[in-house]
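If you scroll down you'll find the structure; I have some questions about it.
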């Protein structure tokens, strides 16, 4: 920890050269905040943060003044280059998505100050044996105290009632990353046109996005080309789509437990393409990986081989099975974080991850939506870039 300040001297004090660099960096940060607050003061922002803005401006200038007085300054020829690079970091980013420009400016200032006060905590790096009577050490600890108080004020504003309608924008600004935009189940299903091709995760209803399927039925999306492992059972999972006669074509591995799907097939109301389960999974995986198809020995010499290209590899015959893709994938996860990373619970994982890779638009329901970091990186199964829409949960 002491490497940030350099080795302390025999009295437990920070050496002047390190004091100079640390102080210059802190003055760059807090001085930039003071300038930004000063520029905003004449605008008289009509926001909940106007009064706090005045106090923040005073505190930032006070911290700069403390550092100037407490630091044992020494010449440092590299400091100019370092300071120039620091200055570029202290400009508030434009806040898009808040139509009230004064309020958007206040959010920009608050998020910049939040980043500085939450991320720059020099006293936390002081060795335990640092001299508590050293003016420079005392100043760093004063900055730590003031930063905590200012940080609390910024959080209260950013999480306040006036910004509730803009929670997505504020969270994105705070984290510096694009937060997955959650939509209602009604909005998501409205994007699916009549006659669309959809992949639906699940195995006999386990791991199936039930809320999405309920809404598909409610909105009466007819003529669907469905790709799923099975037809489930009446009233459950994909079975709901057959109950409502919304399916025109089914690509699956079996339909044996859904009499309605069987009746519709026998009555030529739907076309059914039955595929061996391993081949089914690999064709979807191929679609997600950008491959044209897969070679499989399954079905060689049977009715399955009719009309399909046969290729020999090392003297053995294989069928070329084309990749499967769809316009939409309806996926269900156990956990989703605010970025859209997904993890699954036990066997509910089944076909969800591969289907999330093999569709133009991926719509996800999750049992729990959690902050970024709750899902450990090595537990993420479907990474956020694959997810287009995350459905809000009824409990918020």
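The values are calculated or read from the model by the stated rules, or taken from the named source; none is laboratory data. Because the structure is predicted, anything quoted here is derived from the model rather than measured. Heads up, the Cβs are rebuilt from the backbone with ideal geometry, glycines too, and the neighbour counts pull from every protein chain shown.
Condition check ((1) within 20 Å of residue 194 (Cβ to Cβ); (2) part of a helix (DSSP H, G or I)) across all residues:
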position: 225; (1), (2): yes, no
position: 240; (1), (2): yes, yes
position: 249; (1), (2): yes, no
position: 260; (1), (2): no, yes
position: 263; (1), (2): no, yes
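May I pose another question? Among the residues of region 330-349, write down those that are in contact with a helix residue (DSSP H, G or I) (Cβ under 9 Å, 6 or more places away or on another chain) and outside any strand (DSSP E or B).
338, 339, 340, 341, 344
Return the residue satisfying two criteria in turn: it lies in region 191-208 and is at positive phi and in contact with a helix residue (DSSP H, G or I) (Cβ under 8 Å, 6 or more places away or on another chain), and of such residues it is surrounded by the fewest Cβ atoms within 10 Å (Cβ to Cβ).
By that ranking, first place goes to 205.
Can you tell which of 130, 173, 153, 116 is touching a residue at least 40 places away in the same chain (Cβ under 8 Å), buried (at least 19 other Cβ atoms within 10 Å of the Cβ) and assigned to a loop (DSSP other than H, G, I, E, B)?
Numbers: 173 fails: assigned to a loop (DSSP other than H, G, I, E, B); 153 fails: assigned to a loop (DSSP other than H, G, I, E, B); 116 fails: assigned to a loop (DSSP other than H, G, I, E, B).
Step by step, each of 130, 173, 153, 116 is checked, and only 130 is touching a residue at least 40 places away in the same chain (Cβ under 8 Å), buried (at least 19 other Cβ atoms within 10 Å of the Cβ) and assigned to a loop (DSSP other than H, G, I, E, B).
Considering only region 65-82, how many residues are touching a helix residue (DSSP H, G or I) at 6+ places or on another chain (Cβ under 6 Å) and modelled with pLDDT under 75?
Adding up the residues that qualify gives 0.
Also, I was wondering about something else. Right, residue 298: within 16 Å of residue 254 (Cβ to Cβ) and touching a helix residue (DSSP H, G or I) at 6+ places or on another chain (Cβ under 7 Å) or not?
yes
Please work out if residue 299 is in the same structural domain as residue 227 (by TED's automatic domain parsing), assigned to a loop (DSSP other than H, G, I, E, B) and touching a strand residue (DSSP E or B) at 6+ places or on another chain (Cβ under 6 Å).
In short, yes.
Can I ask one more? Picking from 348, 336, 329, 356, which residue would you name as being under 15 Å from residue 206 (Cα atoms) and in the same structural domain as residue 202 (by TED's automatic domain parsing)?
Only one candidate qualifies: 348.
Looking at region 350-386 only, could you name the residues that are part of a loop (DSSP other than H, G, I, E, B) and crowded, with 23+ Cβ neighbours inside 10 Å?
Within region 350-386, 351, 358 qualify.
Go through (1) at pLDDT 80 or above; (2) farther than 18 Å from residue 149 by Cα; (3) surrounded by fewer than 16 Cβ atoms within 10 Å (Cβ to Cβ) and name the single condition residue 62 misses.
Single failed check for residue 62: (2).
I'd like to verify a number: residues in region 206-258 that are in contact (Cβ under 8 Å) with a residue 40 or more places away in the chain, touching a strand residue (DSSP E or B) at 6+ places or on another chain (Cβ under 8 Å) and closer than 20 Å to residue 354 by Cα, how many?
Qualifying residue count, region 206-258: 11.
Which of the residues that make up region 296-325 are surrounded by 14 or more Cβ atoms within 10 Å (Cβ to Cβ) and either under 23 Å from the mean Cα position of the chain (by Cα) or free of Cβ contacts under 8 Å to residues at least 12 places away in the same chain (or both)?
Within region 296-325, none qualify.
Do we have residue 269 as free of Cβ contacts under 8 Å to residues at least 40 places away in the same chain, in contact with a helix residue (DSSP H, G or I) (Cβ under 9 Å, 6 or more places away or on another chain) and either surrounded by fewer than 19 Cβ atoms within 10 Å (Cβ to Cβ) or within 27 Å of residue 194 (Cα to Cα) (or both) here?
Answer is yes for this residue.
Among what's in region 302-329 and is touching a helix residue (DSSP H, G or I) at 6+ places or on another chain (Cβ under 7 Å) and part of a loop (DSSP other than H, G, I, E, B), pick the residue that is farthest from residue 356 (Cα to Cα).
So the residue we want is 323.
Moving on to the next point. Could you tell me which numbered condition residue 162 fails, if it satisfies all but one of (1) closer than 15 Å to residue 22 by Cα; (2) touching a helix residue (DSSP H, G or I) at 6+ places or on another chain (Cβ under 8 Å)?
Answer for residue 162: the failing condition is (1).
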